[in-house]
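Participant: I'd like to ask some things about the structure below.
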Amino acid sequence: MLTANKRLNTAYVLRESFGQLWSYRTEGWARKFFDNWKESLKWQRLKPYEKFAEMIEKHWDGIAAYSRPVNKVSLGFVEGLNNKIRVIQRRAYGLRDEEYLRLKILTCMLKEI
């Protein structure tokens, strides 16, 4: 099917190659890769991909932050944190003070004295 439809093949290759962006460890290399990827869209007439590239441009600061090694957080830690927050929310059912809930969430991260 991909050999029969050249545009479909091009879209597939572009989609698969975009995943490489997440493997870069420096912002400069990630930016260079994205600029080259975006440049390869130039004559393809793939409107959804162009729209996607614009969205990536808008959110580039967050993507660049991800490429820095100090900002990589394990998913296990994130899942554990989300679970703690859900438990605190469940316990706080009926309370209407959002500031109190925020403080409870922040203090659950502190080490015990």
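The values are calculated or read from the model by the stated rules, or taken from the named source; none is laboratory data. Only a predicted model underlies this, so the values are computations on that prediction, with no experimental measurement involved. Heads up, the Cβs are rebuilt from the backbone with ideal geometry, glycines too, and the neighbour counts pull from every protein chain shown. Side chains included, ligands, DNA and RNA excluded: accessible areas come from the protein's heavy atoms. Shrake-Rupley method; radii C 1.70, N 1.55, O 1.52, S 1.80 Å.
Participant: Just a yes or no: is a residue in region 52-75 part of a helix (DSSP H, G or I), of a type in the set (Ser, Thr, Tyr) and over 30 Å from residue 106 (Cβ atoms)?
Facilitator: no
Participant: Hey, another quick one. Which ones in region 92-102 are in a helix (DSSP H, G or I) and either open to solvent by less than 80 Å² (accessible area, probe 1.4 Å) or touching a Ser or Thr at 6+ places or on another chain (Cβ under 6 Å) (or both)?
Facilitator: Result: 101, single match.
Participant: Another one. Which members of region 70-88 meet the condition of being at pLDDT below 85 and open to solvent by 80 Å² or more (accessible area, probe 1.4 Å)?
Facilitator: Listed by number, the residues that qualify are 70, 73, 75, 77.
Participant: Among the listed residues 57, 16, identify the single one that is among the acidic types (Asp, Glu) and surrounded by fewer than 11 Cβ atoms within 10 Å (Cβ to Cβ).
Facilitator: Of 57, 16, the one residue that is among the acidic types (Asp, Glu) and surrounded by fewer than 11 Cβ atoms within 10 Å (Cβ to Cβ) is 16.
Participant: Being charged (D, E, K, R), closer than 18 Å to residue 63 by Cα and free of Cβ contacts under 8 Å to residues at least 24 places away in the same chain is the filter here, so list the residues in region 17-50 that pass it.
Facilitator: Just the residues of region 17-50 that are charged (D, E, K, R), to begin with: 25, 27, 31-32, 35, 38-39, 42, 45, 47, 50.
From what's left, closer than 18 Å to residue 63 by Cα: 25, 27, 31-32, 35, 38, 50.
32, 35, 38, 50, listed by residue number.
Participant: Please determine, by comparing only the residues of region 39-53 that are farther than 13 Å from residue 10 by Cα and surrounded by 11 or more Cβ atoms within 10 Å (Cβ to Cβ), which one is farthest from the chain's Cα centre (by Cα).
Facilitator: 50
Participant: Follow-up. State whether one or more residues within region 22-32 are of a type in the set (D, E, K, R), surrounded by 14 or more Cβ atoms within 10 Å (Cβ to Cβ) and in a helix (DSSP H, G or I).
Facilitator: There is at least one residue in region 22-32 that is of a type in the set (D, E, K, R), surrounded by 14 or more Cβ atoms within 10 Å (Cβ to Cβ) and in a helix (DSSP H, G or I).
Participant: Kindly list, by first and then second residue, each pair from a residue in region 84-100 that is at negative phi to a residue that is exposed (fewer than 10 other Cβ atoms within 10 Å of the Cβ) and in a loop (DSSP other than H, G, I, E, B), limited to pairs with Cβ atoms under 9 Å and residues at least 6 apart or on different chains.
Facilitator: 84/109
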